[in-house]
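Notes to accompany the following structure.
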Amino acid sequence: MNRATTHTRLLGNLAVVVLVCLALVLQVSLFSAFAWDGVVPDLVLLIVVAGALARGGQFGLVLGFAAGVLLDLAPPADHTAGRWALSLLVVGYVAGRLRQDAGIGLGGLPAKPPALMVMAAVAGCSFVGTSIYAISGLLLGEGGVGVGSMLEVIGISLVWDLLLTPFLVPWVMLLLVRLEPEHARI
Amino acid sequence: MALLTPFNVGSRTRPRPLRPEGLNKRGSLEPKDPRGPKRSTAVALLLACASLATLDQTPALSPARDLAGELFGPVESAVSTAAHPLTSIPAWFDSRTKLRGQIAELKSDNADLRRELRTSDYGRAKLAQYEGLTRSAADLGYSLVPARVIAYGPAQSFTRTVTIDAGSNAGISADMTVINADGLVGRVLRVTAETATVLLIVDADSVVGGRVGGDGGGQVGMVRGTGLVSGKGRLDLELVDQTVAPLKGETVVTWGDGRAAPYVAGVPIGKVTGVYASVRDSSRTVRVEPYVDFGSLDVVGVVVPSGTKSDRSVVEPDGSLK
């Protein structure tokens, strides 16, 4: 591996770290003012989905875990650590599987997923991610909110995520593909 | 897995390119994304999640939480300050639409207060007593450290917590009471140098000792959060004596000795909006609407002992700044 590729890879990873931190801070400090019954768009989840769609399941898995741990530890989080890590890990896995099953990135086929597929991926991942988080809370006996209001929160966050997808996910995917070393692209 | 189906079908109908490295190890025709998730990584990370959750039952993770607080706190504070013109837009719309209703409400309140003022000397005498009580409470030494809310926990987390921009440097420590101009907000969970995490009283895990009805000494009970913030939020009051039913509109205040317990005494929590009796277990739930609007928290005060050393001015009980 030559020097230029090492630099690009370093830059790419740094960009991902900055993106996740920025999404986390905006989610708690800026979007809270526009919250709908307290529910804000899951910017971090959108970044994980975009990462998994752009670079595959292995990347999505690791990115989801790392982003989830940050979400578990950064203030004002107070739940048992590992819950968001688990949810976003699964989100990265599911989005990666979607990419694989659609054959995106496999030689000859277009490297860019169609817009409808991105929306479907975000909808599915948002539902799965928030639900796993809610269920893990039920299992650990945390956050004694009724199942009805849990479903309401899951539904609202799904709508929020879909609303923000066209403005965020394509650009993040473009950035992640651009910042990837040429030889690693498939 | 209904979501997967259309993509599966689509990929099967398309001609597959020949890519020897795309085939999996067993030589099956199903091409495998070489960048797909590896089973070993998935298992390792799943186990990591489980150990994180286990470690969090002990204090082992608190250094990591502190570190995250020290790193993210200043950034959250900066973003919140920079975005303040933007984030205050919804509040502006809110006040425009609610203005008419508020004026009508204030007019009727005003009339009520005037009538009450005229009616009885008895009331006035009682007021003087209360004033004396307030003064003695002030002598007990409730000083306030002012702070701003810089980050909200999302409702997706099903916990109601916020971050404020004052920490141990401002003289704040865990379990201190947080109030604002309207009433009780919550208590401090943990602090870093510059920020503190506050558990709101609407959180489902929050329990506050409450006293309702001033006249007969007051009935004592536990005020629990419901985790809901839609509208103004909702609290449930469980009275120790299940036979009494408080009146609608009565005020619930905190109860405690003010020094040992996390919550100082006498802070208004909310007003009773209804009493619901359960036929099954003959218990009574009292619905309480909090005075504080948890949807739009901004400036709050943390109750600290008088004479606390702080990096900012402290509001003393007599109203002076120190």
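Exactly one residue out of A:ALA33, A:ALA81 is out of contact with any Phe, Trp or Tyr (no Cβ under 9 Å at 6 or more places or on another chain) and among the hydrophobic types (A, V, I, L, M, F, W, C): that is A:ALA81.
If we only count helices (runs of 4 or more DSSP H) wholly inside segment A:1-104, which ones have 2 or more residues that are in contact with a strand residue (DSSP E or B) (Cβ under 8 Å, 6 or more places away or on another chain) and facing chain B (nearest Cβ under 9 Å)?
On the way: elements: A:3-29, A:43-55, A:57-73, A:83-101.
The helices (runs of 4 or more DSSP H) meeting that bar are A:3-29.
For A:TRP160, the test of being closer than 24 Å to A:LEU19 by Cα, more than 8 Å from chain B (Cβ to nearest Cβ) and either surrounded by 15 or more Cβ atoms within 10 Å (Cβ to Cβ) or among the acidic types (Asp, Glu) (or both) is passed. When segment B:156-186 is filtered for residues that are among the small types (Gly, Ala, Ser) and either more than 16 Å from B:VAL253 (Cβ to Cβ) or touching a helix residue (DSSP H, G or I) at 6+ places or on another chain (Cβ under 7 Å) (or both), the ones remaining, listed by number, are B:SER157, B:ALA166, B:GLY167, B:SER168, B:ALA170, B:GLY171, B:SER173, B:ALA174. If you filter segment A:142-157 down to residues that are part of a loop (DSSP other than H, G, I, E, B) and in contact (Cβ under 8 Å) with a residue 60 or more places away in the chain, you find that the one that is surrounded by the fewest Cβ atoms within 10 Å (Cβ to Cβ) is A:GLU142.
The number of residues in segment B:206-235 that are modelled with pLDDT of 85 or more and either assigned to a loop (DSSP other than H, G, I, E, B) or within 11 Å of chain A (Cβ to nearest Cβ) (or both) comes to 3.
A quick yes/no check of all residues on (1) at pLDDT below 90; (2) surrounded by fewer than 21 Cβ atoms within 10 Å (Cβ to Cβ):
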| residue | (1), (2) |
| --- | --- |
| A:TYR93 | no, no |
| A:ALA115 | yes, yes |
| A:THR130 | no, no |
| A:GLY137 | yes, no |
| A:LEU140 | yes, yes |
| A:ARG178 | yes, yes |
| A:ILE186 | yes, yes |
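Filtered by the rule that a residue be closer than 17 Å to A:VAL69 by Cα and not in a helix (DSSP H, G or I), segment B:36-57 gives B:ASP56, B:GLN57. So B:ILE89 fits all but one of (1) at the interface with another protein chain (Cβ under 9 Å from one of its Cβ atoms); (2) at pLDDT 90 or above; what number is the exception? Tallying (1) at the interface with another protein chain (Cβ under 9 Å from one of its Cβ atoms); (2) at pLDDT 90 or above, B:ILE89 fails exactly one: (2).
The values are calculated or read from the model by the stated rules, or taken from the named source; none is laboratory data. Keep in mind that this is a model prediction, so the values were computed, not measured. All Cβ positions, glycine included, derive from the backbone under ideal geometry; neighbour counts span all protein chains shown.
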